[in-house]
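The next block holds one structure in the form of structure tokens; read it before the comments.
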Amino acid sequence: MLIFTLRRFNLFIFTMLLLTILSFSLSFLFPGEQLINLTGQIDASPEQLAILADEYQQQSGLLSQYFSYLNHLFHGEMGYSMTSNLPIATEVLNRLPATIELTCVALLVAMFFGLPVGFCAAIYHRKLPDNLILTIAMVGYSIPVFWLGLLAILVFSIQLGWLPSAGQISLLFEIEHVTGLQLIDILLSDSPYKWQAFQDATRHLILPVIVVALAPATIFMRLARSAMLEVLDTHYIKAANAKGLTFSQIIYRHAMRNAVIKVIRDVGLQFANLVTIAMVTEVIFSWPGIGRWLIESIYQRDYTAIQGGLIVLSTFIFIVHIIIDFVYAALNPLAREPRNGKR
């Protein structure tokens, strides 16, 4: 386990160095002065620019400039937004929790619906349910996210009036910012209308979560189907069948548990795709997350925000990858020490 942890830590450090090199390089590639692109202080006086140039080692070589940039990042200094003049760190802290809440709930929903349906397809392999589920998975994966989001707003918000079409919570409720995660902040609040606010926030969450979760759910269907078919073809399943265990006992006691472990291995890869879908969904539903902020920064040519958003969003995705790897390693000892499988 220690070797596994050290490998993941080294991979994390290497990846973060690559991300910081890319972000630092963007300040040279964007139009305008490199120092302003790095700090975002477009209204700085010549005296202030001279101070910033000294802080960022502009008179030294590229290597010194890069290490100075790293030093500022380690201290949480990512510059200022060119549009709002607020620190990038403040902008990120205000918006990242909303994205975390949306993506994590969508991931749970996608797994909750995708895995059982995929297992069902494997159980009825090459029969009508299997063919029907594969067709639904292919159609669901092919639907464009922006079209699905607009259609959901048109049907469920405008025509039926069941669910709100934008925002995270109604303006009628004032919830104190504690963790940034709306549902948790509501539960922690002392408001007498706490449960009404929780219900309202849940209603705001339903449509964006469904839109974000649809494509990953179809992928989990196919992954779960493949994993279950692979497990059902193993020798220990055949041995359990030979011992006289019923089919339901084989599925629930042995096959399903091992198939889930195989699917968890691929969850991290799908999370990056899920975050990309969430960025588009945040724009459609006016969700106050970092994805919407980053896309707006691209349109507004806020180069400092683009660099900061790139680092934060990539770091968030990679941390989730590491967490999922640890979960997979905890469930599968062979992943921690491959040599055990060769003995």
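The values are calculated or read from the model by the stated rules, or taken from the named source; none is laboratory data. On a predicted model such as this, the values are computed, not experimentally measured, just so you know. Neighbour counts run over all protein chains shown; Cβ positions are idealised from the backbone, glycine included. The protein model used for the area step is the full one, side chains on, heavy atoms only, and it has no ligands, DNA or RNA in it. Shrake-Rupley method; radii C 1.70, N 1.55, O 1.52, S 1.80 Å.
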(request) Kindly establish whether L331 is modelled with pLDDT of 85 or more, open to solvent by 30 Å² or more (accessible area, probe 1.4 Å) and not charged (D, E, K, R). (result) no
(message) Of everything in region 241-257, what is open to solvent by 50 Å² or more (accessible area, probe 1.4 Å) and part of a helix (DSSP H, G or I)? Give them in sequence order.
(response) N241, A242, F247, S248, Q249, Y252, R253, H254, M256, R257
(request) Determine, yes or no, whether P97 is under 30 Å from R225 (Cα atoms) and either part of a helix (DSSP H, G or I) or open to solvent by 20 Å² or more (accessible area, probe 1.4 Å) (or both). (result) no
(request) Please specify each residue of region 121-167 satisfying the condition of being open to solvent by less than 80 Å² (accessible area, probe 1.4 Å), aromatic (F, W, Y) and at pLDDT below 90. (result) none
(message) Residue under question is F271, and the condition is that it be assigned to a helix (DSSP H, G or I) and in contact with a Gly (Cβ under 7 Å, 6 or more places away or on another chain); does it hold?
(response) no
(request) Could you tell me whether A272 is within 25 Å of the chain's Cα centre (by Cα) and either of a type in the set (D, E) or surrounded by fewer than 17 Cβ atoms within 10 Å (Cβ to Cβ) (or both)? (result) yes
(request) With the condition kept exactly as written, say whether any residue in region 224-240 is open to solvent by less than 60 Å² (accessible area, probe 1.4 Å), in contact with an Asp or Glu (Cβ under 8 Å, 6 or more places away or on another chain) and part of a helix (DSSP H, G or I). (result) yes
